[in-house]
Structures are given as C-alpha cells and as structure tokens.
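Below: the structure, in structure tokens.
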Amino acid sequence: MKREVPLIICATVGIVLIFQYFIPAEPFGTLNQVFSDWFQVIGAFAIWLGALNLIKVSGNNVYKKRKDWPYSLLIIISFFVMVIVGFFFSGGRRFQDQGTAFSALYDYVYSPLTSMMFALLAFYVGSASYRAFRARTKEATVLLLAAFFVMLGRVPLGDTLTSWLPNWLHMSNIANWIMNIPNTAGQRAIMIGIALGTVSTSLRLILGIERSYLGGE
Amino acid sequence: MSTLGVWVGAILTLGILSFLYKDNPFYKVAEAIFLGISAGYWFVSLFYQSLLPKLFDNLGLTKLFGASNTDGALQTLFVQGKFSGQLWYLVAGALGVMMLIRLFPKGGWISRWPLAFIVGTTSGLYFTRYLASNAYAQISATLKDFVVAGHPGFLGWTNLNNLVVLVGVVSGLTYFYFSKEHKGTVGATAKVGVYFLMVTFGASFGYTVMSRMSLLIGRLDFLYRIWLGLIK
Amino acid sequence: MAIENKGFWQKLMTIDRRIIFIFIFVAISVPMFLKIELKIPVSPEVESLYQTISKLPDGAKVLVSLDYDPGSEPELQPMAETFFTYCLQRKFKVIVIGLWPQGAIQAEHARIVAEEKVGRKFEYGVDYINLGYQAGNEMVIQGMGSSIPQTFSVDYFGTPTTSFPIMQGVTNFSNIDYVFNLSAGYPGTVEWVLFAVDRFNVILGAGNTAVQAPQVYPYLGKQLKGILGGMKGGAEFEILTGLKGRAVKYMVGQTFAHTIIVLFILIANIAYFATRGKEKGKTV
C-alpha cells in the first residue's frame with residue numbers, strides 16, 4: 001500500500017496527461033482541467049510544507065539550544081510577524097493593495113533583502129573572474145574570448161573601441177553573431193540532449209521503473 | 001516611499017552588504033529576517049491567491065464562515081441537494097493535507113500520494129512537451145533553409161550561418177553521445193562540439209556578469225538616490 | 001625547486017578578494033553620479049519584439065505574465081514599466097498574471113509608473129486587470145489553454161473574474177492577441193514556449209534576466225518573437241519605444257562594470273602567464 005498506491009497514482013495521471021495531448025476530447029479534456037486544478041491546490045500545499053518545515057527546523061534549533069539558536073528564533077518571529085500582519089492587519093483578500101501593512105513589509109523589508117542577496121553575487125562574480133578565470137587550455141581560451149566579445153559587445157564601449165573597423169566587425173555585431181549562431185547551436189545541442197533525457201526519465205517514472213521519489217521503506 | 005521604510009530597507013541592505021567584509025552578527029540578523037519574512041510572504045500569498053479562491057471558495061467553506069457570498073460544493077449539495085463538479089476539490093484538499101502530514105515523522109509516508117500525483121502530472125506533461133518543443137522543434141529549426149552546394153546564394157551569410165548552426169548542433173550532440181568512444185571521426189566531431197560548447201559557456205558567462213552587475217546597480221541606485229538623496 | 005620570493009605578479013594573483021570588491025563597488029558607484037549619454041545599438045531580437053507589438057491593432061488583448069521577484073527587479077522592472085506605458089499609449093487591453101506570487105505586486109508597481117508617465121490611468125476591469133498569482137507553474141499555463149476564467153476564478157483583489165468587461169469573450173489563449181512574458185527563471189519563458197506557444201499557437205515575446213537569456217535564444221524565430229535580454233535588452237526596448245527610462249540610465253554603470261571585469265580577467269591572465277613563464281624557467 002505504501003508504495004503500490006503512489007505508483008498507481010503516478011502511472012494513471014501520467015498516462016491520462018499523455019493521452020490528452022493527442023485526444024483533447026472528453027473525458028481527457030475534463031480530466032486535464034481537473035488535474036490542472038488539483039495540481040494548483042497540491043502545489044500550494046507543497047510550498048506551505050516548505051515554509052512550515054523551515055519553522056519546524058528553526059523551532060528544533062531553539063528548543064535544543066543549538067549553535068546560533070537566537071537567529072533561528074528570529075526566523076520564527078519574522079515568519080509570524082509576516083503571517084499575522086498578512087492575515088489580520090491587511091484587509092483580507094486585498095492584502096497586497098498599496099498602503100496595507102503587508103505591502104509595506106513587502107516593499108521595505110522583503111524587497112530590499114531579496115534584491116541585496118542577489119546583488120551580492122556581483123562581487124563574487126568579479127572576484128571569481130579575477131581569481132579563477134585563466135586561459136590554461138585552448139578550450140578555456142575560446143571560452144574567455146567569447147565572454148570578452150559578449151561583455152564588451154553588450155555595452156556601448158565595445159562599439160566605441162571598434163568604430164574604426166567595418167560595420168560587421170563592430171563589437172555589438174560580433175556579440176549578436178555569437179549569441180545568435182554558435183551560442184544558439186550549443187544551447188540547442190544541450191536542449192535536445194536534456195529533452196531526450198527528460199522524455200526517458202518521464203517514461204521511467206510513469207512506468208514505475210524509477211522510484212527514487214518514494215524515498216526509503 | 002515612507003522615510004521610515006526607506007531607512008529600514010537601507011539598514012537591511014547594508015546588513016547584507018556587510019557580509020563582504022566577513023560573516024558578522026549584523027549580516028546574520030538580516031539573513032534570519034530574510035528567511036522568516038520570505039517564508040511568511042509565501043505562506044500568506046498562497047493562502048489568499050491560491051487556496052482561498054481555488055479550494056475554500058469552491059468547496060463552499062468561505063460561505064460557511066460568512067467570508068463570501070458565492071455558493072460552493074457544500075451549499076450545492078446540502079442546500080440545493082445537487083452534486084456539483086466542485087466536489088472534486090475535496091480530493092485535491094485531501095491530497096494537500098496529506099502533503100502537510102510529511103511534517104510529522106510517523107505517518108509521513110502518506111505524503112507519497114500527493115507527491116506521486118505531482119510526479120505523474122509533471123512526467124505526463126513533460127513527456128510530450130519536451131519531445132515536441134525542445135527536441136522536434138529544435139531539430140526542425142536547425143535544418144531550416146539549408147542550401148545544397150551549387151545553388152545560388154550558398155555563400156550568402158544566412159546560409160553560412162545556418163551551416164554553422166547545423167555543424168554546432170550535430171557536433172555538440174556528438175560530444176554528449178557517450179555510447180561510442182570518442183575516437184576517429186566521432187572524436188574529431190566531438191572536439192568541434194567542445195569548442196561550440198565553450199563559446200556557449202563563454203556567452204553565458206558574459207551574460208551572467210551583465211545580470212549580476214545589473215542587480216548591484218539597482219541596489220546602489222536605491223541607496224544613493226532614494227535613501228541618501230545624492231542623485232536626482 | 002619552487003619559487004621562494006613572491007614577485008609582483010604573484011602578489012597580484014593572490015590579492016585579497018575584499019580589494020577586488022572595493023574596485024567593483026567604486027566602478028559601479030562612480031558612473032551613477034555622471035551624466036553621460038550613450039549610443040545604444042539595437043539588436044535584431046529586440047527589434048523583432050518591437051516590430052511584433054507595433055503591428056498589433058489598437059485595443060488588442062495582451063496577456064502579460066510577470067514571473068520574477070524583487071531579486072530581478074533592476075533588470076525586469078524597467079521592461080515592465082516600458083511595456084505597460086506602451087500598452088497604455090496604444091490602448092491595448094492588458095491582462096496581467098503571475099506564475100510567481102511577487103509578479104502580481106511588481107505589475108501594480110509598473111502600472112503606477114506607466115500611468116504617471118502617460119498622465120492617464122488604466123480603467124480597471126475595462127482596459128486592465130490583474131488576475132494575480134496561481135500556484136502550479138506550467139499547469140497554470142496548461143489550464144489557461146482550456147479556460148482562463150476557471151484557472152483564475154478571481155482577480156488579484158478577490159473579485160470574480162467573469163464580472164469584468166475586459167474578460168468578456170476571453171475563454172482561453174485563442175482570445176488573446178499577444179503574450180508578453182517577463183521571466184527570471186522557473187517557471188518562465190521556457191514553460192510559456194513549451195505549454196502555450198507550441199500547444200496553443202500563442203504569439204509570445206519575452207523579457208529575460210541576462211542569466212536566462214542565452215538559454216532562450218534557440219526558441220527565437222518560430223517559437224519566440226523577440227527577446228529582451230537583460231538590462232541591455234531593456235535599454236534597447238526603451239529606445240525603440242521612445243520611452244527612455246531606468247534601463248538606459250543604468251547602462252552607464254553597466255559599461256563601467258563590464259570594463260572592470262574585462263580588465264580583471266586581462267590582468268589576472270597576464271599575471272598568470274608571467275608567473276607561469278618564471279616557474280618554468282626556475283623550476284629544477
């Protein structure tokens with residue numbers, strides 16, 4: 001039961017959705033819409049699971065007074081502040097209207113923190129470029145040259161430096177060519193490879209050959 | 001933007017920025033707030049934007065508690081005495097709750113049912129879509145306008161570029177074909193593929209630099225223009 | 001025998017990374033105070049997107065999917081602002097959704113900026129509606145292919161979707177003239193191509209973060225009618241629409257940033273080859 005029922009669910013749903021691609025008529029059309037709706041509900045619960053799991057892990061850290069437990073307490077407090085404000089102090093379904101407490105927390109706390117977390121990467125990409133990016137081999141040199149042309153071609157400086165050359169040798173045109181031709185070719189090769197792998201993995205999951213998502217027991 | 005809000009945003013921004021010097025309590029506080037607030041944001045958003053309209057409204061629970069005027073499955077069944085298609089949402093709700101049981105060590109196995117549903121749905125969709133869009137459509141696009149030698153315009157830029165794309169795709173795929181040893185013709189083709197992939201990765205790196213720098217520009221713009229008012 | 005004295009190049013290669021951080025910080029900060037006009041050339045993929053939307057008739061129904069969070073705001077928000085402004089000028093009917101929950105809020109921010117620029121507001125429910133976010137990633141797109149009102153039964157503010165004039169006659173993608181997707185990752189442009197374009201023949205244009213942009217180039221042509229790649233793409237779009245804004249302004253900083261990175265790589269490689277030559281000469 002613990003493993004058989006999930007395998008049957010996976011196979012049934014997978015086969016129905018493959019069929020509905022070729023046969024949009026009933027009952028596959030209705031089943032497609034029903035499964036789509038269910039997926040949205042279950043997906044929402046799955047994300048709730050992630051959020052609640054964070055609180056569970058943080059709560060455990062606080063309870064057992066592990067290293068840095070005050071920060072785990074801060075995580076829990078921040079979570080409940082956001083939840084309480086969102087549910088009780090922000091006007092119900094209109095919780096995201098401009099001027100609500102929830103939207104203020106979004107604009108002045110969530111937004112700056114998210115933005116800065118990602119902006120930190122600018123420093124690390126610069127540091128990594130300086131410390132690790134070496135033209136050690138022919139392949140690495142090709143990679144470096146492509147990066148050069150794209151980086152300089154995507155800013156006006158590139159064209160300024162190559163303005164004395166014929167139009168087709170301007171840095172921006174070289175960057176365009178790199179993106180549209182060899183980059184497209186390489187990305188396409190990767191894409192086709194991934195597509196074939198995805199198709200085979202999907203088939204293995206539907207047929208129950210691949211069962212790693214069920215975990216142990 | 002309110003002054004207090006801007007100051008809070010700026011202080012939190014500087015807290016994250018302080019990590020560049022070294023890990024410190026100021027950064028850890030900002031990080032902890034970020035984690036908690038993010039989780040809380042998703043929790044509230046999903047309730048109001050997904051679960052409330054999709055599940056609770058359709059089941060009639062919101063009308064039952066006086067939060068809505070729209071009839072749901074419960075009202076249709078018990079008041080009007082009819083079965084409605086909305087009753088199917090009970091299954092979705094049950095599967096969703098099963099997902100949450102994963103939080104408990106005992107009985108967590110029941111979460112495999114909704115997980116299997118998600119895996120099955122995704123597999124069924126991806127099977128056809130990836131084959132059609134990422135395999136077939138890409139192969140079709142690669143073989144477009146390929147002119148055989150001798151036809152007028154063979155050396156035109158468009159045809160040469162299409163030839164380069166064709167060579168790149170075939171050689172790139174050959175590199176990823178590990179069922180045959182990369183020797184002789186296969187090896188040489190794979191080697192050409194490696195160079196195409198290096199150009200691809202170099203272009204990706206260049207764009208990644210652009211992306212990361214853009215994000216920092218945005219943040220510094222907030223600090224200089226909105227917080228400190230140094231830029232008009 | 002290894003080298004015992006650290007030369008200038010060796011020291012340069014092992015410099016503290018915090019010094020590199022300072023250089024990057026200064027390189028991006030300084031241009032923000034300079035007033036420089038840059039000539040920004042337009043790339044074919046941005047031109048293609050602009051040509052597609054310029055051919056849409058006034059009053060066309062446009063679906064905008066904002067699939068990003070504040071982490072990608074500097075790249076994608078200027079694109080959203082420019083696109084909404086263009087829609088308001090051209091009197092398009094704009095239907096907004098988000099496959100990321102933050103997308104719906106970002107749409108409201110962009111709408112406010114667009115209305116300030118044009119000096120006129122969208123009439124909510126008549127020429128603009130925000131349907132908000134739905135969990136489900138690609139299943140949301142799949143569901144919209146069957147029925148948009150069923151997938152988004154209420155709008156961002158909790159009002160039933162079918163009660164709005166803009167949604168009259170809108171059942172699925174066949175009633176939408178154009179889809180514009182702003183994407184920072186998953187779900188995003190790739191899912192729109194796979195589940196909307198190839199399945200339901202949607203006409204799609206995309207604005208992507210620069211990290212994602214190279215991955216969607218293979219779709220250009222039949223599947224994707226134009227890409228705005230990163231901040232540069234946003235700046236080009238602003239120039240083509242005549243609505244110069246943040247992206248064009250930020251390109252000055254972008255130029256300095258790229259220059260410093262290129263210089264870093266050059267210096268590091270010169271140092272590498274210089275020390276490698278010395279090591280080869282001195283090692284026994």
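Here are the numbers for the structure shown:
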quantity	calculated
Förster radius 41 Å - calculated FRET efficiency between B:Ala188 and A:Ile23, Cβ distance, rounded to 0.05	0.35
Cleavage-rule hits, trypsin sites (Lys or Arg not before Pro), the range C:199-284, DSSP coil, Cβ neighbours within 10 Å at most 14	C:Lys222, C:Lys244
Cα long-axis angle, helix C:44-54 against chain C (0 to 90 degrees, to the nearest 10)	20
Gap separating the Cα centres of the range C:17-42 and the range B:33-57, nearest whole Å	38
Long pairs among C:Lys55/C:Lys93; C:Lys55/C:Lys121; C:Lys39/C:Lys117; C:Lys11/C:Lys232; B:Lys22/C:Lys249; B:Lys28/C:Lys249, criterion Cα-Cα beyond 25 Å	C:Lys11/C:Lys232; B:Lys22/C:Lys249; B:Lys28/C:Lys249
Averaged over C:8-15, number of beta-carbon atoms from partner chains that fall within 10 Å	1
Along chain C, longest interval not containing exposed GluC sites (Glu not before Pro), exposed being DSSP loop plus at most 15 other Cβ atoms within 10 Å	C:124-284
log10 of Debye I(q)/I(0), alpha-carbon scatterers only, for the range C:163-284 at 0.15, 0.17, 0.23 Å⁻¹	-0.83, -0.95, -1.23
DSSP-assigned coil residues among trypsin sites (Lys or Arg not before Pro) in the range C:107-161, each with at most 14 further Cβ atoms within 10 Å	C:Arg120, C:Lys121
Options B:Asn161, C:Pro70, C:Ile20, ranked by Cα towards positive dipole end of the protein assembly as shown, top entry (Cβ charges)	C:Ile20
Using θ = phi - 60° and Karplus 6.51 cos²θ - 1.76 cosθ + 1.60, couplings along the range A:200-208 (whole Hz; Gly, Pro as x)	5, 5, 4, 5, 5, 5, 5, 7, x
Separation between Cα centres of the range C:91-139 and the range A:74-118, rounded to whole Å	20
Three-way shape label, chain A, alpha-carbon gyration tensor, a/c 1.5	oblate
Overall form of chain C per C-alpha gyration tensor (a/c, 1.5; a/b vs b/c)	prolate
Chain B shape via C-alpha gyration tensor axes, a/c threshold 1.5	oblate
Over chain C: helical MRE at 222 nm, DSSP H runs n ≥ 4 each giving -39500 (n - 2.57), nearest 500	-15500 deg cm²/dmol
Helical contribution to [θ] at 222 nm, DSSP H n ≥ 4, -39,500 (n - 2.57), averaged over chain A, rounded to 500	-24500 deg cm²/dmol
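Laboratory data are not the source of any read-out in this text; all were calculated from the coordinates shown. On a predicted model such as this, the values are computed, not experimentally measured, just so you know. Counting neighbours? That spans all protein chains shown, and the Cβs are built from the backbone with ideal geometry, glycine included.
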